[in-house]
Amino acid sequence: MFVHVLGEVLPLAVGVIVSPMPIAGVIALLLGPKGRGNAIVFAVSFLVATFAVTLAFASGSKGTTSSDSFFAQLFHIVLGFAFAALFFFLAYRSFHGRPKKGEETKEPRWLAAIDSFGPVKSAGLGLLLGVANVKNLPIMIAAGATIGTEGLEWPLVFLAVLVFSVIACLGVIVPTLLGGSGSKGVTAFLASTKAALIRHNAIIMTVLFLVLGAVQLGKALEAL
């Protein structure tokens, strides 16, 4: 059962991993004057926020499938279709908001100001992108609901949420570890990666939400 739950939430964790803006944020911190210290604070805060949000929704949905009643099955079906519709809508919004042909991609204001950040602001940014990120929040809600409705005991619920959160945060953890090498090659790679993520953010998120929408739609149809 536990392994099955991890298999269910793994695609959702990948969705958070490849979310461009948190990765761009941690890279910007690594390239800033206070470097790896700020990046570590950011990564830890982002992990804590991801864990807290996912656990909250796992706790809220726990027990909803304690029986195989008609209403329990109906809950699964409605939940699946609701998340599928949400992800497809987010895919449409991301695609519609992409830069038009010939239009230059603008760097978000918070990224431009990140050089002035200290540990407190870095921690705040990690929490903000973890809790209030419009693109990641639906993914964490879906993961929490999936974990909570699988009938796991509380210790396994905590463990499943923790595993999901760590995997989901690899997108910010790995650059933080790489950035500590001080290598010019790594620094150049991180800088080019940041520019590419900002430039292709809309398309990356469009594809991501389409895939997640298809996964949730498949789960809903399977429950019929």
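Would you point out which residue out of SER116, SER122 is polar (S, T, N, Q) and open to solvent by 40 Å² or more (accessible area, probe 1.4 Å)?
SER116
Which numbered condition in (1) open to solvent by 30 Å² or more (accessible area, probe 1.4 Å); (2) in a loop (DSSP other than H, G, I, E, B) is the only one that LEU156 fails?
(2)
So GLU103 ticks every box in (1) under 22 Å from the mean Cα position of the chain (by Cα); (2) under 25 Å from HIS200 (Cβ atoms); (3) surrounded by fewer than 20 Cβ atoms within 10 Å (Cβ to Cβ); (4) of a type outside the set (Phe, Trp, Tyr) but one. Which box is left unticked?
Evaluating GLU103 over (1) under 22 Å from the mean Cα position of the chain (by Cα); (2) under 25 Å from HIS200 (Cβ atoms); (3) surrounded by fewer than 20 Cβ atoms within 10 Å (Cβ to Cβ); (4) of a type outside the set (Phe, Trp, Tyr) leaves (1) as the failure.
Return yes when GLU150 is closer than 28 Å to ALA191 by Cβ, at pLDDT below 95 and of a type in the set (Asp, Glu) and no when it is not. Walk me through it before giving the result.
Details: closer than 28 Å to ALA191 by Cβ: no; at pLDDT below 95: yes; of a type in the set (Asp, Glu): yes.
Answer is no for this residue.
For the stretch 128-147: of the residues being open to solvent by 40 Å² or more (accessible area, probe 1.4 Å) and either part of a loop (DSSP other than H, G, I, E, B) or modelled with pLDDT of 95 or more (or both), which is farthest from ALA220 (Cα to Cα)? Write out each step before concluding.
At the first step, the residues of the stretch 128-147 found to be open to solvent by 40 Å² or more (accessible area, probe 1.4 Å) are 128, 131-132, 134-135, 137, 141.
If we keep only those that are either part of a loop (DSSP other than H, G, I, E, B) or modelled with pLDDT of 95 or more (or both) too, we end up with 132, 134-135.
Details: ALA132: 27, VAL134: 23, LYS135: 21 Å.
Restricting to residues being open to solvent by 40 Å² or more (accessible area, probe 1.4 Å) and either part of a loop (DSSP other than H, G, I, E, B) or modelled with pLDDT of 95 or more (or both), the top hit is ALA132.
Could you check THR64 against (1) modelled with pLDDT of 90 or more; (2) assigned to a loop (DSSP other than H, G, I, E, B) and say which number it fails?
Only one criterion is unmet by THR64, namely (1).
The values are calculated or read from the model by the stated rules, or taken from the named source; none is laboratory data. Predicted model only: the values in this text are computed from it and were never measured. All Cβ positions, even for glycine, are placed from backbone atoms using ideal geometry, and neighbour counts span all protein chains on display. Just so you know, the surface numbers come from the protein's heavy atoms only, side chains and all, with ligands and any DNA or RNA stripped out. Shrake-Rupley method; radii C 1.70, N 1.55, O 1.52, S 1.80 Å.
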